[in-house]
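Report on the following structure.
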Amino acid sequence: MKINILQGAFLPVPSRRGGAIEKAWFELGKAFVKHGHEVTHVSRYCDQLPAEEIIDGVNHKRILSRDAVSNPYLLKLCELPYVWRARKALLPADILVTHAFWAPLILSPEKFGKIYVHVGRYPKGQLKLYRKAKKLQVPSVAVAEAAKREMAIKSHKVSVIPYPIPWEIEPRLPIEDRPRRMLYFGRIHPEKGVLSMVKAWARLSHDKSIDWTLRIVGPWRRDQGGGGLEYRNQIKNLIEKEKMSVELLEPIFETSQIKDAYQSARIFLYPSLAEKGETFGLSVLESMSMGCVPVVSALPCFNDIISSDCAFIIPKSESFESSLTETLAEILMAEPRHSILSSHAYEKSMEFTVDKVAQKFLNDFKTIL
């Protein structure tokens, strides 16, 4: 097959500024080539990346765009020139994979390949516009149900295929050989529950958390998807006021640094509040592949990757902070179980290797050709 991958307008590939979708499709493109297919990957031209290069057999082409903005309507408008320019970069192909908003509306399936839309965000009405799309691919069952409700009688067009872990899984470092550290790795944004997490940590009794630290790593700038300087300062000021054992660090994007961050923690915290924002939780899966014990909110999108035998789930309640505080206390009390949970999480992650997920995509492509 000849496969085009058209990335969104605002982040580069390979990932230099984060982005779960960008990381996933960068690895999947290489896997498609290993299976004998031709891949052209179009993404944003920035960060001193060349306009065109070959990486592990994938033909990467990059076109001009601009940084993201917070206004969702202006964001869509900013993406339009990028997709228009993409017509000159894309090659004739059998399949066109894209998550760019305008691509299914503008691009010709006869010329660039049958349109295969990756729904990387919770559906908000846009799917009804994609009449030319042959298939809508979502990363979790929860998002599939939302997509089917939106598409009504066209629900047969929806496929559930997860994100892959964007690296080869290595032998697990025993959890008892790591520092007593909990890690949050992701965007520093209100919808991720980061401030609530710090408040919950402050409510823990000192004798329970005395040997433990909480490390928070991620982008906070608005142009990187964060909540901005004001939100970061709220978190920073609370940490300083309460004199907590909490580290608030700058974002990291290099794969080796990300893996080191996971391997130097025992527990991975992801207390997201975004019931209609989360679609999968790739960072949760990444942490599991490095042997961390995940802690997640009770959101349906996480059901595809975790269960009670490998994770702690923050129960729903009227007070999220109280519920999170109780969960943190439970985690600290259950330290003898951490090694077993870590092993189960690691084993579960094996289902999401790049090669296994790539084969699912290739099989799905064949159904629309």
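All of the numbers you see were taken from the coordinates with simple rules; none came from a lab. Here the structure is a predicted model, which means the values were calculated and not measured. Positions of Cβ are backbone-derived with ideal geometry, glycine not excepted, and every protein chain shown enters the neighbour counts.
With the gyration tensor restricted to C-alpha atoms of the range 175-351, the semi-axes of the equivalent ellipsoid amount to 22, 19, 17 Å, longest first.
Between residue 236 and residue 191, the modelled label-to-label distance comes to 2.4 nm, taking each label 7 Å out from Cα in the direction of the beta carbon. Put simply, when 54-65, 239-250 are sorted by average Cβ atoms within 10 angstrom per residue, most first, you get 54-65, 239-250.
Put simply, the amide H of residue 184, placed in the peptide plane, has neighbours under 5 Å in 215, 216, 217, 269, leaving out anything fewer than 5 places away on its chain.
Each label point was placed 7 Å from the Cα along the Cα-to-Cβ direction; for residue 145 and residue 66 their separation is 4.0 nm. Listed here are the pairs 76/134; 76/348; 76/366; 124/366; which of them are more than 25 Å apart at the Cα? Those over the limit are 76/348; 76/366; 124/366. Computed 3J(HN,Hα) for the range 259-272, one whole-Hz value per residue from the Karplus formula 6.51 cos²θ - 1.76 cosθ + 1.60 where θ = phi - 60°, is 5, 4, 4, 5, 5, 9, 10, 9, 10, 10, 9, 9, x, 4, glycine and proline marked x.
Suppose R0 equals 56 Å; then what is the FRET efficiency for residue 46 and residue 322 from their Cβ-Cβ distance, rounded to the nearest 0.05? With R0 = 56 Å, the Cβ-Cβ based efficiency is 0.80. Projected onto their three principal axes, the Cα atoms of the range 320-365 cover extents of 46, 26, 9 Å, largest first. Using a Gaussian network model of the chain in which every pair of alpha carbons under 10 angstrom is joined by a spring, one finds that among 137, 224, 234 the greatest mean-square fluctuation is at 234. Taking Rh as the Kirkwood radius computed over C-alpha pairs, what is the Stokes-Einstein D of the chain at 20 °C in a medium of viscosity 1.002 mPa s, expressed in µm² per second? Rounded, D is 100 µm²/s.
Loop-located trypsin sites (Lys or Arg not before Pro) in the range 281-368 (DSSP state not H, G, I, E or B) with no more than 11 neighbouring Cβ atoms inside 10 Å: 316.
Here the spin labels are modelled as points 7 Å beyond Cα on the Cα-Cβ line, and at residue 88 and residue 334 they lie 5.7 nm apart.
Among DSSP beta bridges lying fully in the range 72-164, give the percent that are antiparallel, nearest 5. Given both bridge residues lie in the range 72-164, the antiparallel proportion sits at roughly 0 percent.
For the range 314-344 and the range 84-130, compute the distance between their C-alpha centroids and round to whole Å. Taking the Cα centre of the range 84-130 as reference, the centre of the range 314-344 is 41 Å away.
Checking the a/c ratio against 1.5 first, then a/b against b/c, what shape does the Cα gyration tensor give for the range 246-292?
Prolate, since a/c reaches 1.5 and a/b exceeds b/c.
Whole-Hz Karplus values for the range 133-146 come out as 6, 7, 8, 10, 9, 10, x, 8, 4, 4, 6, 4, 5, 5 Hz, taken residue by residue from phi with 6.51 cos²θ - 1.76 cosθ + 1.60 and θ = phi - 60°; glycine and proline positions read x. Dividing the mean sequence gap of close Cα pairs (under 8 Å, 6+ apart) by how many residues the chain holds gives a relative contact order of 16 percent.
Over all alpha-carbon pairs of the range 1-148, lay out the pair-distance distribution in 10 Å bins, whole %, shortest bin first. Using 10 Å bins, I get a P(r) of 12, 43, 38, 7, 0 for the range 1-148.
Per-residue 3J(HN,Hα) values for the range 297-308, derived from phi via the Karplus relation 6.51 cos²θ - 1.76 cosθ + 1.60 with θ = phi - 60°, read 5, 7, 9, x, 5, 7, 5, 6, 10, 10, 8, 5 Hz in sequence order (x marks Gly and Pro).
Loop-located chymotrypsin sites (Phe, Trp or Tyr not before Pro) in the range 246-276 (DSSP state other than H, G, I, E, B) with a sparse environment of at most 16 neighbouring Cβ atoms within 10 Å: 253. Shape analysis of the range 110-204 yields a ratio of the Cα radius of gyration to the Kirkwood radius, Rg/Rh, of 1.14.
Please grab the % of Cα pairs in the range 256-322 that end up more than 20 Å from each other. In whole percent, the share of Cα-Cα pairs in the range 256-322 beyond 20 Å is 27. When the helices of the chain are scored as -39500 (n - 2.57) per DSSP H run of n ≥ 4 and the total is divided over every residue, the value at 222 nm lands at -11000 deg cm²/dmol. Under 5 Å from the amide H of residue 118 lie the amide H atoms of 98, 99, 137, each residue being 5 or more positions distant or on a separate chain, with H modelled from the backbone and absent for Pro and chain starts.
Scale the Cα Rg of the range 1-69 by the rule-of-thumb value 2.2 N^0.38 Å and send over the ratio, two decimals. It is 1.04. For the range 297-341, the C-alpha radius of gyration divided by 2.2 N^0.38 Å, with N the number of residues, is 1.20. Applying a DSSP loop filter and a limit of 16 other Cβ atoms within 10 Å to the GluC sites (Glu not before Pro) in the range 248-291 leaves 254, 275.
Express in whole angstrom the spacing between the alpha-carbon centres of the range 44-72 and the range 232-249. The range 44-72 and the range 232-249 have Cα centres separated by 35 Å.
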